[in-house]
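Undergrad: Got a structure for you, questions after.
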4 protein chains.
Amino acid sequence: MTECAANASRPGVYILTTGGSIDKIYTLQGEMEIGPPAARELLERAGATGHTILPVLAKDSLDLTSEDRDRLAELVNGCPPGAAVVITHGTDTMPETGRHLLKHTGHTGHTDHKTVVITGALQPAAMSHSDAAFNLGSAILAAQTLPPGVYVVMHGTVFDVATVRKDKAQGRFV
Amino acid sequence: MTECAANASRPGVYILTTGGSIDKIYTLQGEMEIGPPAARELLERAGATGHTILPVLAKDSLDLTSEDRDRLAELVNGCPPGAAVVITHGTDTMPETGRHLLKHTGHTGHTDHKTVVITGALQPAAMSHSDAAFNLGSAILAAQTLPPGVYVVMHGTVFDVATVRKDKAQGRFV
Amino acid sequence: MTECAANASRPGVYILTTGGSIDKIYTLQGEMEIGPPAARELLERAGATGHTILPVLAKDSLDLTSEDRDRLAELVNGCPPGAAVVITHGTDTMPETGRHLLKHTGHTGHTDHKTVVITGALQPAAMSHSDAAFNLGSAILAAQTLPPGVYVVMHGTVFDVATVRKDKAQGRFV
Amino acid sequence: MTECAANASRPGVYILTTGGSIDKIYTLQGEMEIGPPAARELLERAGATGHTILPVLAKDSLDLTSEDRDRLAELVNGCPPGAAVVITHGTDTMPETGRHLLKHTGHTGHTDHKTVVITGALQPAAMSHSDAAFNLGSAILAAQTLPPGVYVVMHGTVFDVATVRKDKAQGRFV
């Protein structure tokens, strides 16, 4: 039984966390590393209750493997029909993960009625001018309101996962 | 001609700002007062471009008058068909403003196809643990994805404007 | 026995907290009120250990009475000889409290070798652009390095308590 | 003529910046790198005016060379007699730089009456829970109040530069 199903009685959004810039912290040794999911504190500050945070991975998204993405797909497939799912993710490979999920979760045919939204942050949630709270708020709303499918939500914009890409020089999704 | 129409060529969300806790700053004289719209900096941090901020009022929402709400309704009515509108607003009377707009903007019959989302913050955007960025991110997404109507979006939840109320003791919308 | 003496075995600075802007928080009801001493979290973030925080009052400094200041003087008098004392305080009446302490703690004659530094913040510690951490860091250092006496330390400057005043229009001590 | 002397008519503290964690920012490409001196914004928030910021280097302190430290010594030597000097610096080699300055600025004999205080931050100033403001406030005060010599000021504590070391596991100076 997958983790998502184990929490199926909760009405809110399932938030699968995978690491990435959003979760990075600055260690006592002066390195950035993936900390615990930032989503927890961001939800708490916003009074956003009833959601389920499922920590899946703690990786820079450039290090995600095909097996990691298979695991995410399996977790999404294990969520109840109609579920709203947010995946917090490093920004560098959001499009790749999105297209992997599109292929492996039956979303292409929109047959299983789940809405999966991938989001993250260009600045870690621990930075004072981070975009993390804005993006997580956007993604949680999007997961509840968009039709079934797989999306990237960044900058307050919904991107089609089939065509979205990160403009690395600008630090923007287009 | 209303301000909204004057910006009708821009593709993004119209953000009407009215003051409220989200915009409060602490003055040199030790008082909280309404500052410039916090939405500007929140959008900038999130890289959320293409939206139009229209400062309408700078008031505590307990001080909003029927004339103020008429002005908001008029501005919404002046927005182009299909427009996505976010109103940043003090939390105390969001439901009243929402119901006023429902009555005076033709939304009851859903005849004009605008989506109006009222949001704000329980903690000013200037506080380090504010819910402002999360709520604005949610509202901007909601304005683009919800069917035409008038809504309150707080805590990452969409509330029906006909029944929403603020539980003042808990500081929560229910 | 006073509180200060009860902690006399600790080597660090005694921090007497009285409220003021530095400790203000924004309540669920949308009011600013005095919260718990901000000094605790500020010290923790700075890794500043070994100090003793003694919450004395939780007041706006305009509301401090002569009895309140007598109580502060009594507490300072109860601290061990040579003690380093910081008082966190609202900005409006720092000079008055300073001169009261000068008169009632034997500091005029510098007979008891204590260094008392009054500080606070123009922006509450809970605001993201607060001056609280900078001022508390300055004051803690000043209490350990200045000769016995009573001082106001704000903006990284040591002010003579006999002549310091707050320029309320500028929000600065001069 | 050194930069310090070029500003000799200003009464405040000379702040030589060298980079280090305090100045690190998170880039659009997801790397931490040295940004512009954080001291500028920290002073501004604190209303600490009249000081002179002299950007000298922008390096991780592990990358500082003997030539870099010679340059710092030369700059300190060029400051006017009695000057108060703060050096913002990466935490890893503060003791080495301190001892280099002690040897090369005539401070061992306390012959030239300058007070040099090395400080920095374990968490970049750009992080919301940074110790940067507290440390800079402490250092600026220390530079004005300590007798001539070279010091490290961190955690609100003055350390003897001859014996201070960083406990890297704990992230503390001892």
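Undergrad: Between C:Ala169 and the same site in the other copies, what are the distances in nm, shortest first, taking label points 7 Å from Cα along the C-beta direction?
TA: 4.8, 5.1, 5.9
Undergrad: Shortest first and in nm to one decimal, what separations exist between A:Arg40 and its copies in the other chains, measuring from label points 7 Å along the Cα-to-beta-carbon line?
TA: 2.0, 3.8, 3.8
Undergrad: Based on Cα positions only, what radius of gyration and what Dmax would you give for region B:10-88, in angstroms?
TA: 13.7, 45
Undergrad: Counting only protein heavy atoms, what percent of the accessible surface of the protein assembly as shown is carbon or sulfur at a 1.4 Å probe?
TA: Exposed carbon and sulfur together represent 52 percent of the surface.
Undergrad: Could you compute the net charge surrounding C:Lys59? Neighbours are other residues with a C-beta less than 12 Å from the C-beta of C:Lys59; K and R count +1, D and E count -1.
TA: -4
Undergrad: Follow-up question, since we're still on this one. Over the alpha-carbon set of chain D, work out the extent along each principal axis and list the three values in angstrom, largest first.
TA: 46, 33, 29
Undergrad: Look at the axis of the rotation that sends chain D onto chain A, then give the chain D residue with the nearest Cβ and the distance in whole Å.
TA: D:Ser128, 2
Undergrad: Two decimals, Cα atoms only, Kirkwood Rh: what is Rg/Rh over region A:39-138?
TA: 0.96
Undergrad: Mean residue ellipticity at 222 nm from the helices of chain C, using -39,500 (n - 2.57) per DSSP H segment of n ≥ 4 over the full residue count, to the nearest 500 deg cm²/dmol?
TA: Dividing the helical sum by the residues of chain C leaves -8000 deg cm²/dmol.
Undergrad: Further, regarding this structure: List every residue whose amide H lies under 5 Å from the amide H of C:Asp131, counting only residues 5 or more places away in sequence or on a different chain, with H placed 1.01 Å from N in the peptide plane.
TA: C:Leu122, C:Gln123
Undergrad: Right, something else. May I ask you to evaluate 6.51 cos²θ - 1.76 cosθ + 1.60, the Karplus curve with θ = phi - 60°, for each residue of region A:32-45 and list the ³J(HN,Hα) values in order in whole Hz, giving x for glycine and proline?
TA: Result, ordered by residue: 7, 9, 6, x, x, x, 5, 3, 4, 5, 4, 5, 4, 4 Hz.
Undergrad: Kindly give the distances from C:Pro11 to its copy-mates, label point to label point, with each label point 7 Å from Cα along Cα→Cβ, as nm values to one decimal ordered shortest first.
TA: 3.6, 5.7, 6.5
Undergrad: Now for a different question. Quick check of the Kirkwood formula: for the protein assembly as shown, what is the inverse mean of 1/r over all pairs of different Cα atoms, in Å?
TA: Roughly 27.2 Å, rounded to one decimal.
Undergrad: Another one. For the pair C:Thr49/A:Glu67, report the inter-label distance in nm, with labels modelled 7 Å from Cα in the Cβ direction.
TA: 4.0 nm
Undergrad: Out of residues 5 or more away from A:Val152 or on other chains, whose amide H comes under 5 Å of its own, with H placed 1.01 Å from N in the peptide plane?
TA: For A:Val152, whose amide H was placed from the backbone, the distant partners under 5 Å are A:Ile118, A:Phe159, A:Val161.
Undergrad: Another question, if that's okay. With charges only on Cβ, +1 for K and R and -1 for D and E, what is the dipole size of chain B about its Cα centre, in debye, rounded to 20?
TA: 380 debye
Undergrad: Nearest-5 percent of antiparallel DSSP beta bridges in region B:13-173?
TA: 35 percent
Undergrad: Ok, one more. Using a probe radius of 1.4 Å on heavy atoms only, what accessible surface per residue do you get for chain D? Whole Å² is fine.
TA: Per-residue accessible area for chain D comes out at 38 Å².
Undergrad: Then there's this: Could you tell me the relative contact order of chain D? Use alpha-carbon pairs under 8 Å, at least six residues apart, and round to a whole percent.
TA: About 24 percent, as a whole number.
Undergrad: For C:Met32, enumerate residues with amide H under 5 Å from its amide H, sequence gap 5+ or separate chain, H modeled in the peptide plane.
TA: So C:Met32 has HN proximity to C:Thr27.
Undergrad: Right, next: Taking 7 Å along the Cα-to-C-beta vector as the label spot, tell me the A:His113-C:Gln29 distance in nanometres, rounded to one decimal.
TA: It is 4.6 nm.
Undergrad: Dipole of chain C (Lys/Arg Cβ +1, Asp/Glu Cβ -1, origin at the Cα centre): which of C:Leu75, C:Thr93, C:Met154 lies farthest to the positive side?
TA: It is C:Met154, whose Cα lies furthest towards the positive end.
Undergrad: If you place +1 on the Cβ of every Lys and Arg, -1 on the Cβ of every Asp and Glu, and leave all else neutral, what size is the dipole of the protein assembly as shown about its Cα centre, to the nearest 20 Debye?
TA: It works out to roughly 0 debye.
Undergrad: Quick check: net charge around D:Ser21, other residues with Cβ under 11 Å of its Cβ, Lys/Arg +1 and Asp/Glu -1?
TA: Counting the neighbours of D:Ser21, the net charge comes to -4.
Undergrad: Return the value, in Å² to the nearest 100, of accessible area buried between chains D and A (probe 1.4 Å, both sides summed).
TA: 1600 Å²
Undergrad: What does the charge count near C:Gly35 come to, summing +1 for each Lys or Arg and -1 for each Asp or Glu among other residues with Cβ under 13 Å from its Cβ?
TA: Value of the local net charge: -2.
Undergrad: Give me the percent of DSSP beta bridges within the protein assembly as shown that run antiparallel, rounded to the nearest 5.
TA: Of the beta bridges lying entirely in the protein assembly as shown, close to 35 percent run antiparallel.
Undergrad: From the backbone phi of region A:154-168, what are the Karplus-calculated ³J(HN,Hα) couplings (6.51 cos²θ - 1.76 cosθ + 1.60, θ = phi - 60°) in whole Hz, Gly and Pro given as x?
TA: Working through the residues one at a time gives 9, 6, x, 10, 8, 10, 6, 5, 6, 10, 4, 8, 8, 7, 5 Hz.
The values are calculated or read from the model by the stated rules, or taken from the named source; none is laboratory data. None of the values given here were measured: they were computed from a predicted structure. Cβ atoms come from the backbone with ideal geometry, glycine included; neighbour counts cover every protein chain shown. Heads up: the accessible areas ignore ligands, DNA and RNA and are worked out on the full protein's heavy atoms, side chains in. Shrake-Rupley method; radii C 1.70, N 1.55, O 1.52, S 1.80 Å.
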